[in-house]
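**Q** Structure incoming, see below.
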Amino acid sequence: MTKTIQTTCPYCGVGCGISAKVDADQHRLTISGDSTHPANFGRLCSKGSALGETIELTNRLLQPRVYGRETSWMEALDLVANTFSEVIAKYGQDAVAFYGSGQLLTEDYYVANKLMKGFIGSGNMDTNSRLCMSSSVAGHKRAFGSDTVPNCYEDYEHAELIILIGSNTAWCHPVSFQRIRAAKEANPLLKVVVIDPRRTASCDIADLHLSLKSGSDAWLFNGLLSFLSENNALDLAYIQAHTEGFTETLWHYPIEQIAEYCQLPTQDVQQFYDWFANTDNVLSLYSQGINQSSSGTDKVNAIINCHLATGRIGKIGSGAFSLTGQPNAMGGREVGGLAHQLAAHIDFSYPDEVDKVARFWNAPHIAKQAGLPAVALFDAIAEGKIKAVWIMGTNPVVSLPNADKVKRALQACEFVVVSDCIANTDTTALAHVLLPAQGWSEKDGTVTNSERCISRQRALFKPAGNARPDWWIITQVAQRMGFEAAFNYHSPVDIFREHAALSGFENNGQRDFDISAFADISATDYEQFQPIQWPVNAAYPQGRARLFADGQFFTPSGKAQFIAVTPRPPVNAPDEQYPLILNTGRLRDQWHTMTRTALAAKLNQHKPEPFVEIHPIDAEQQGLLAHSLARLESRWGAMLARVQITDSQLQGNVFVPMHWTDQYASFGRMGALVNPIVDPLSQQPESKHTPVRVRPYTPVWQGFILSRRELKITEVDYWVKSKAAGFYRYELAGDTLPDDWRDYARKQLCSSTAENPQWQEYQDAAKGSYRAARLVDNQLETVIFIAPDHHLLLTGKPPLGGADVGAIICACFNVGEKTIKAAIKDKGLKTHQQVGQCLKAGTNCGSCIPEIKALL
Ligand code: SF4
């Protein structure tokens, strides 16, 4: 029997509603967009559409494990609670830490934070959201006195100028991009400006692309403020009535000087400034390109300054709008998941506020000061100051900067606990205790998206194996540590009620985050909960789409603050040894460390291998050929990647995707390269700017394997695994030639030497190539192709399955580049809409439309 359940996508911060048709008996899921959800109105992107293919039990963690041995929940929970208690008794409460994730539900986050800050009494709970938007949090607090996102998605449809700053929205927030594209089609007067050193897929709808020098954003926006002032484009009445500090903020630099510093054509800067000055409804959308910087907070405030100066905050279609990366980054901020926050948008700045939380929680030993933020937290582990750490639903060995140091820190740490739904990750490999958490399709609770909209994530299936909800695991440990009364929850709704009550506790309109209307929500109403934007309280029982329309802010004076920004360049500049700037980011069809998206065959065909994008001139100077392999090195680490030569990169810049781990590639963790420099205010790492060098990597042989079953690849210097339709694909390369290819192939392709399969082989000693097919019961099971270099290999490379459709462009309908090119040529197609009518490509999520247009 099937039933339909409304839930939320677990990937990006757009927070799309999903209508899931669940066949529990067959463990099958049919996914479609929830047409009633205000984030997406039925749309989904390629990742959300493929969720049904990611619920398999492959690599699920199904049973607690202690020092590599499966055990009972009882033993695992006792060990965690006892060890944390012993470490605290011996070394103090700051010798332990939690590291959470924007993948946790709000209820999970709430109890983890309450345990660490309220009852263990240390501030040492931070989260991977530190890596993605803590500069926005710091910028908001400086300008507004609160961490408030003033806007809502409806503003896309009301804006007349949309500026995408450091945001490849087309790939990273695809449904938001679809809405912007649709808004532009409905209103041709809507202009879009993209500000990004890279020419990304988001430029597809851009009227103007400012390909500025990496890190120069604050100059551009300070220059804009100066321009607005000198051209009478300020809203002086608004500045006078609702802001403070304007005069100190003003800069005076001619456009030519700004253009020169940002390495932009003066007329392009002039055009952008003219549009900003002369358009009423201006919406600035920004994300990691702004936040992940050693001056990220200043960049955020430089943008907000321009909106305050023109009174364009909180108005329909106007504002500075931070697009969050993760599904529940905002929920984590609400509960105080960042180490400098306490709870309910209260931080450690004011003792009476801390006391408020202590009284609400009845927590006599509440933390009094901020804990360690992510990079410093793992440094403290490396130094032996933190002796026990609990990592929840995240993979810091891959995602943190200077990731090899993080790995060494965890290897040396006395006690590492990881709760996760995945068994084998680069981080679980280092855990002493593994606690099986429920996966997306089993979890029950709430999440908050970029526009402050709280939605329900609902369980679709029974938990796999012995997996448990994160909130349950945490409260069980809390109870064992002696905090029974404070952690006596029976379901997520118990926690949500308390979270809501705390948000309203002695609030009196002083704090933006207030959902006190839900303090007494019934279990039935929680079950039927519909998406709503906070605040939700007595004043706004139906929620509130926009904040600050009344010009009232959460600062002591009630006025917004201009912040004087002195732009500064990134800390580590390129030099002779490391002449190129490494930029990192997401791909269209992958999510974070691939633990889910790599399970969906169709999501692996768009970009199946770690790659480095490099400008043609840089490639020539470094002796790099297209499709060859390259070794990237920084002062912190190294990785291997396939070379993609493209003028979408600025000369002097390279781009590497963030997703590959040791589970999918032998040497593809980009985090190993990234410098650990952080913004001094937000403590967010500078992941968009690391000096690197890129050199050819020339193995003596390259090859690939296609196999119906997963293989354990050995004796190879480079390998990458990806899942295709019905088989696995391995890219291989080696620095030394095996003595005998036949022996080598048997080792790779057979699971044991006792196997006696049928073989068909062909070896060309003169060319150095070798091919073999392994048959089982007369059926082709595995093939291996070896050649001295990649180009020779390509001559033998078979299609990804069935007809050779080329690289997959449309992941939703599995339409490849060759198919699209053939249809364009044979049928005379002229527009992406015609391609859509003919092949369906680009008609679902629309993420591939820029690539279809490029082919046209
Ligand atoms: Fe999920 Fe895509 Fe929507 Fe993001 S845009 S929430 S990844 S469906």
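**Q** Could you look through segment 15-27, keep only residues that are at pLDDT below 95 and in a loop (DSSP other than H, G, I, E, B), and pick out the one that is farthest from the ligand (Cβ to nearest atom)?
**A** Asp25
**Q** Let me ask something else about it. Being surrounded by fewer than 19 Cβ atoms within 10 Å (Cβ to Cβ), modelled with pLDDT of 95 or more and away from the ligand (no atom under 16 Å from the Cβ) narrows it down to one residue among Gly92, Gly100; which is it?
**A** Gly92
**Q** Let me ask something additional. When segment 771-791 is examined, which residues are found to be crowded, with 18+ Cβ neighbours inside 10 Å and either in contact with an Asp or Glu (Cβ under 6 Å, 6 or more places away or on another chain) or farther than 21 Å from Asp743 by Cβ (or both)?
**A** Residues satisfying the conditions are Ala772, Arg774, Asp789, His790.
**Q** Exactly one of these conditions fails for Trp440: (1) in contact with a helix residue (DSSP H, G or I) (Cβ under 8 Å, 6 or more places away or on another chain); (2) within 18 Å of Gln63 (Cβ to Cβ); (3) within 16 Å of the ligand (Cβ to nearest atom). Give me its number.
**A** (2)
**Q** Can I ask one more? May I ask you to say which residue of Val66, Val87 is in contact with a helix residue (DSSP H, G or I) (Cβ under 6 Å, 6 or more places away or on another chain), more than 16 Å from the ligand (Cβ to nearest atom) and farther than 23 Å from Leu104 by Cα?
**A** That would be Val87, the only listed residue that is in contact with a helix residue (DSSP H, G or I) (Cβ under 6 Å, 6 or more places away or on another chain), more than 16 Å from the ligand (Cβ to nearest atom) and farther than 23 Å from Leu104 by Cα.
**Q** If I go through segment 183-193 residue by residue, how many of them are modelled with pLDDT under 95 and of a type in the set (Gly, Ala, Ser)?
**A** Count: 0.
**Q** From the list Gly52, Gly42, which residue is outside any loop (DSSP other than H, G, I, E, B) and either in contact with a helix residue (DSSP H, G or I) (Cβ under 7 Å, 6 or more places away or on another chain) or within 15 Å of the ligand (Cβ to nearest atom) (or both)?
**A** None of the others qualify; the one that does is Gly52.
**Q** Shifting gears a bit: Could you please find all residues in segment 468-484 being surrounded by fewer than 24 Cβ atoms within 10 Å (Cβ to Cβ) and of a type in the set (Gly, Ala, Ser)?
**A** Gly482
**Q** I would also like to ask the following. Would you mind stating whether Thr324 is hydroxyl-bearing (Ser, Thr, Tyr) and touching a helix residue (DSSP H, G or I) at 6+ places or on another chain (Cβ under 6 Å)?
**A** yes
**Q** State yes or no: is Tyr540 surrounded by fewer than 18 Cβ atoms within 10 Å (Cβ to Cβ), within 30 Å of Asn151 (Cβ to Cβ) and in contact with a helix residue (DSSP H, G or I) (Cβ under 9 Å, 6 or more places away or on another chain)?
**A** Values: surrounded by fewer than 18 Cβ atoms within 10 Å (Cβ to Cβ): yes; within 30 Å of Asn151 (Cβ to Cβ): yes; in contact with a helix residue (DSSP H, G or I) (Cβ under 9 Å, 6 or more places away or on another chain): yes.
Yes, satisfied.
**Q** Another question, then. The conditions are (1) of a type in the set (Lys, Arg); (2) farther than 17 Å from Ala320 by Cα; (3) away from the ligand (no atom under 16 Å from the Cβ), and Arg181 fails exactly one of them. Which is it?
**A** Condition (3) is where Arg181 drops out.
**Q** I've got another one for you. Only helices (runs of 4 or more DSSP H) wholly contained in segment 143-231 count here; list those with 2 or more residues that are within 19 Å of Phe562 (Cβ to Cβ) and not hydroxyl-bearing (Ser, Thr, Tyr).
**A** 217-230
**Q** Any residue that is under 22 Å from Gly671 (Cβ atoms) and assigned to a helix (DSSP H, G or I) - is there at least one of those in segment 366-375?
**A** yes
**Q** If you check Asp647 against the conditions, is it among the acidic types (Asp, Glu), within 19 Å of Ala598 (Cα to Cα) and touching a residue at least 12 places away in the same chain (Cβ under 8 Å)?
**A** On the way: among the acidic types (Asp, Glu): yes; within 19 Å of Ala598 (Cα to Cα): no; touching a residue at least 12 places away in the same chain (Cβ under 8 Å): yes.
No: the conditions fail for Asp647.
**Q** Also, quick follow-up: Is one or more of the residues making up segment 605-622 among the acidic types (Asp, Glu), within 30 Å of Asn222 (Cβ to Cβ) and touching a His at 6+ places or on another chain (Cβ under 9 Å)?
**A** Within segment 605-622, none of the residues are among the acidic types (Asp, Glu), within 30 Å of Asn222 (Cβ to Cβ) and touching a His at 6+ places or on another chain (Cβ under 9 Å).
**Q** Exactly one of (1) surrounded by fewer than 23 Cβ atoms within 10 Å (Cβ to Cβ); (2) among the small types (Gly, Ala, Ser); (3) closer than 26 Å to Lys747 by Cβ; (4) touching a residue at least 60 places away in the same chain (Cβ under 8 Å) is unmet by Gly703. Its number?
**A** Of everything listed in (1) surrounded by fewer than 23 Cβ atoms within 10 Å (Cβ to Cβ); (2) among the small types (Gly, Ala, Ser); (3) closer than 26 Å to Lys747 by Cβ; (4) touching a residue at least 60 places away in the same chain (Cβ under 8 Å), Gly703 misses just condition (1).
**Q** Quick check on segment 26-35. Is at least one of its residues touching a Lys or Arg at 6+ places or on another chain (Cβ under 8 Å), surrounded by 13 or more Cβ atoms within 10 Å (Cβ to Cβ) and free of Cβ contacts under 8 Å to residues at least 12 places away in the same chain?
**A** Checked against the condition, which is being touching a Lys or Arg at 6+ places or on another chain (Cβ under 8 Å), surrounded by 13 or more Cβ atoms within 10 Å (Cβ to Cβ) and free of Cβ contacts under 8 Å to residues at least 12 places away in the same chain, segment 26-35 yields no hits at all.
**Q** Any chance segment 446-467 includes a residue that's surrounded by fewer than 24 Cβ atoms within 10 Å (Cβ to Cβ), over 19 Å from Trp390 (Cα atoms) and of a type in the set (S, T, N, Q)?
**A** Among the residues of segment 446-467, at least one is surrounded by fewer than 24 Cβ atoms within 10 Å (Cβ to Cβ), over 19 Å from Trp390 (Cα atoms) and of a type in the set (S, T, N, Q), which makes the answer yes.
**Q** Checking the conditions here, which among Asp444, Asp426 is farther than 30 Å from Phe518 by Cβ and of a type outside the set (Lys, Arg)?
**A** Asp426
**Q** What number of residues in segment 548-571 are touching a strand residue (DSSP E or B) at 6+ places or on another chain (Cβ under 6 Å) and over 18 Å from Glu248 (Cβ atoms)?
**A** The number of residues fulfilling the criteria is 0.
**Q** While we're on this one: Which is surrounded by 22 or more Cβ atoms within 10 Å (Cβ to Cβ) and either closer than 26 Å to Lys723 by Cα or within 24 Å of the chain's Cα centre (by Cα) (or both), of Val805, Val815?
**A** Details: Val805 fails: surrounded by 22 or more Cβ atoms within 10 Å (Cβ to Cβ).
The match here is Val815.
**Q** Here is a follow-up. Any idea which of Leu603, Leu580 is within 16 Å of the ligand (Cβ to nearest atom) and either buried (at least 21 other Cβ atoms within 10 Å of the Cβ) or free of Cβ contacts under 8 Å to residues at least 60 places away in the same chain (or both)?
**A** Numbers: Leu580 fails: within 16 Å of the ligand (Cβ to nearest atom).
The conditions single out Leu603.
**Q** Can you tell me which residue in segment 28-39 is farthest from Asp155 (Cα to Cα), limited to those that are assigned to a strand (DSSP E or B) and near the ligand (Cβ under 10 Å from one of its atoms)?
**A** My answer is Ile31.
**Q** On to the next question. Could you list, in sequence order, all residues of segment 232-247 that are outside any strand (DSSP E or B) and charged (D, E, K, R)? Show your work before the answer.
**A** Quick first cut of segment 232-247, residues outside any strand (DSSP E or B) only: 232-242, 245-247.
Residue satisfying the conditions is Asp235 alone.
**Q** Could you tell me which residue of segment 11-45 is nearest to Pro174 (Cα to Cα), considering only residues that are touching a Gly at 6+ places or on another chain (Cβ under 8 Å) and of a type in the set (D, E, K, R)?
**A** Arg43
The values are calculated or read from the model by the stated rules, or taken from the named source; none is laboratory data. Because the structure is a prediction, the values reported are computed rather than measured. Positions of Cβ are generated from backbone atoms using ideal geometry, with glycine treated the same way; all protein chains shown enter the neighbour counts.
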